[in-house]
1. Taking θ = phi - 60°, what integer Hz values does the Karplus form 6.51 cos²θ - 1.76 cosθ + 1.60 yield along the range 183-189, in sequence order, with x for Gly and Pro?
2. With a Förster radius of 35 Å, plug the Cβ-Cβ distance of THR262 and ALA47 into 1/(1 + (r/R0)^6) and report the FRET value to the nearest 0.05.
3. So for each of 341-347, 229-235, 308-314 I average, over its residues, the number of other beta carbons within 10 Å; can you give me the resulting order with the highest mean first?
4. Mark the label point 7 Å from the Cα of ASP325 along Cα→Cβ and return the residues of the range 192-234 whose backbone N is within less than 16 Å of it.
5. Modelled label-to-label distance, ALA7 and LEU189, 7 Å Cα→beta-carbon offset: nm?
6. Treat each spin label as a single point 7 Å out from the Cα along the C-beta direction, and report the THR27 to ARG248 distance in nm.
Amino acid sequence: MSTPDPAVRFHLSLNVSNLEHAVPFFTKLLGTAPAKQRPDYAKFELASPPLVLSLEPRSPQEFGSLNHVGFRFADAKSLVEVQRQLEILGIKTQREEGVECCYAKQTKFWVNDDDKRLWEFYVLEGDIDHRGGGQPLDQVIGAESACDLLHSPALKKSPPRILEHQMGSPFDVPPQQFDEIRLRGTFNLPEPARMVNEILKRLFAAIVPGGTVSLHILTCEQELPAPPQLSGPAAYVKHVPVRAELMRALELAGFEDLRLTTFRTAPCFEFQGHALRETKLEATRPLLASEAKGAEPVREATTASATKPSRRVLFKGPFKRIQDDFGTEWERGVPTMISDERWTRLKQSTVGELFVEIPLEAPLASCGSR
């Protein structure tokens, strides 16, 4: 005989540093498997005590262990009555109708206590196959409370939205966007390897402008004459793509700033005379349309964006001339005009120290002070 569903369940949402490790721990602790588990979310449902526990992959060190708390009600009538009583008592609430959140469709309202903790009161209307975006924080708890929260040290930046795919698991890209997508061995199997261009196009659309895709994969320099036969954990590898072709596919999909973060001199494996190397690749979805080469001697990198070049930047060397992914040619010692956005990205890149901004107007300074 099944236990009847309680009319109200307490809801507790925790931030966890590693969701993959946290789920087995809470499964043992609570004596039940997750009622819902996704790469970026997990939820446990207990009848006794009546509890809904959700886990969010968000750094407790940076954002605290507690995400939010609240109550789940069995029907909308009960939810409305609780909201009415709180409003009578002078507690401000903010209602959301039919919002998609945490792989479910919900109607809810939020309040925050004196210490800015979030309390969620909601009704579960049904499950959905994607996480859902919810509503902006200022619409949830009011502009004043949102401003206080967003300026607190713990919430100066949102946690990155990360999607990770492992070799052999079904490949799927949810309909929302991510800050980073990680592919681990994805193209080391024949089937996804045949779809590399299509998959990368889908990934490009699923990454926010300025977001990154990273690939951890085994690559070779020339096409292998036969499917590889390797030992140990690498036995699962049935296809090894040519590194240069994979990098070219990333460029054709629209990614820029390609960089090899791991590419060792010695190979990990050898198959029929071919060296197979562990390769880690990163690439970025551009913030702007590509910037093209302009005129000499102070070149202007023009852009299709409404943002005009406003930064004068000089390439210090050591090379005489280089060309970036925008098509901009940098000649050593010759200033080039680029946009604010491009300069910000350039400074944050791995080669940022090779460039220096020359202000259009700058006061005199003592040598070595500026």
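1. Once rounded to whole Hz, the list reads 10, 10, x, 4, 9, 8, 10.
2. Step by step, r from the Cβ atoms, then E = 0.15.
3. On the way: 341-347: 18.1, 229-235: 11.0, 308-314: 16.6.
Ranking, from highest mean packing down: 341-347, 308-314, 229-235.
4. Residues 200-216 qualify, since their backbone N sits under 16 Å from the label point.
5. Inter-label distance under the simple model: 4.9 nm.
6. About 4.4 nm separates the two model spin labels.
Every number here is computed from the coordinates shown, using simple stated rules; none is lab data. Quick caveat, the model's predicted, so the values are computed rather than measured. Glycine gets a Cβ as well: all are built from the backbone with ideal geometry, and neighbour counts include every protein chain shown.
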